[in-house]
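Student: Before I ask anything, let me first share the structure, which is written out below as structure tokens.
Just so it is clear, none of the values below were taken in a lab; they were calculated from the coordinates. Values in this document were obtained by computation on a predicted structure and should not be read as measured data. Note that each Cβ is placed from the backbone with ideal geometry, even for glycine, and that neighbours are counted across all protein chains shown.
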Amino acid sequence: MHAINAIYDGAEFKPQQPIPIEGQYRVVITFIEPLQNSVEKEAQTKKRSRADFIGSWKGRIWMSDDFDEPLEEFEEYM
């Protein structure tokens, strides 16, 4: 089985990379999403910088006060 990334323009499929197989094959086509939505999502993702994520998990995670304390299970190795 091979997966090929292609664009369908309403009349034909245009592969986005060379197809590495020859001969005839049975093909199943799955439409994932309209290309416009995909392009918009990529643009939104690229617009976000690292600074946008700094502090975004504040208040959502916590660390136990005894996080750095040795574990009893490993006393014989220490």
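Student: Considering each residue of segment 8-23, count those that are outside any strand (DSSP E or B) and surrounded by 10 or more Cβ atoms within 10 Å (Cβ to Cβ), and give that number.
Tutor: Step one: of segment 8-23, the residues outside any strand (DSSP E or B) are 9-12, 16-23.
The next check asks that each one be surrounded by 10 or more Cβ atoms within 10 Å (Cβ to Cβ); those that pass are 19.
The total comes to 1.
Student: Do any residues in segment 51-75 that are free of Cβ contacts under 8 Å to residues at least 60 places away in the same chain have Cβ atoms under 9 Å from those of residues that are in a loop (DSSP other than H, G, I, E, B), where the two are at least six apart or on different chains, and which pairs are they?
Tutor: Pairs that qualify, where the first residue is free of Cβ contacts under 8 Å to residues at least 60 places away in the same chain and the partner is in a loop (DSSP other than H, G, I, E, B), are Pro70/Met78.
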